[in-house]
Amino acid sequence: MTDIERAVVALKAGRVIAYPTEAVFGLGCDPDNESALQSVIDVKGRDSHKGLILIASSQHQLREFIAPVSAVQQETLDAHWPGPVTFVVPANTRNSNSLLSGYRDTLAVRVSTHPVVIQLCDQFGSAIVSTSANLSGQEALRSAQEVRTAFGNKLDVVIDANVGTLNEPTKIIDLRSSERLR
């Protein structure tokens, strides 16, 4: 069984995984599993009001999580995705968990070009949570070995592959205001 196959099994079982993204390793779980969301927050030591990012292999995988956007906003998404830009978008409040959104009416979402993320989301059949693999307030980790050292046995699977070529985490833009948040 490959790392990706093991990670998909762990995601379906409500477990926490780590995997490479465009710039850093991410911690992930099933965004529809509240217990798994709490586990990510606990493992990271993150304030639950900060919310989490969803990462996907296609915009289609994000549809159930986000509210409809205007034609102009959709053009903006289409111009940047897939790619290393995270957008804060209106959440679909019927399908969005408060831990995922950080108790707000928005979600942070991205469609990735990283081959591991694409395989992972496609095999899982959905977007997954993506928050930087680090203890809250610490520098984000960039290798599987760093993740294993930092988290020990708190993660079920660490996918042993390289991060992308970005030197810093993806930028975050509010889709409604076009304001750059990171």
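Miscellaneous remarks
- Hits in the range 14-48 - residues which are out of contact with any Ser or Thr (no Cβ under 8 Å at 6 or more places or on another chain), under 26 Å from L166 (Cβ atoms) and surrounded by fewer than 21 Cβ atoms within 10 Å (Cβ to Cβ): V43
- Criterion: surrounded by fewer than 19 Cβ atoms within 10 Å (Cβ to Cβ), without any contact (Cβ under 8 Å) to a residue 40 or more places away in the chain and assigned to a loop (DSSP other than H, G, I, E, B) - qualifying residue of Q145, Q138: Q138
- Some residue of the range 61-81 being of a type in the set (F, W, Y), surrounded by 14 or more Cβ atoms within 10 Å (Cβ to Cβ) and out of contact with any His (no Cβ under 8 Å at 6 or more places or on another chain): yes
- Test: residue in the range 35-45 that is outside any helix (DSSP H, G or I), among the basic types (K, R) and under 15 Å from the mean Cα position of the chain (by Cα): no
- Single residue of the range 67-79 satisfying the filter (part of a helix (DSSP H, G or I) and touching a residue at least 40 places away in the same chain (Cβ under 8 Å)) that is nearest to A127 (Cα to Cα): L77
- Restricting the range 89-131 to residues that are among the polar types (S, T, N, Q), under 21 Å from S35 (Cβ atoms) and not in a loop (DSSP other than H, G, I, E, B), the residue that is farthest from the chain's Cα centre (by Cα): S98
- For the residues R180, R110, the requirement of being buried (at least 17 other Cβ atoms within 10 Å of the Cβ) and either out of contact with any Lys or Arg (no Cβ under 8 Å at 6 or more places or on another chain) or not aromatic (F, W, Y) (or both) singles out R110.
Coordinate-derived values only; no laboratory data. Everything quoted here is computed from the prediction, not taken from an experiment. So basically every Cβ, Gly included, is an ideal-geometry build from the backbone, and we count neighbours across all protein chains shown.
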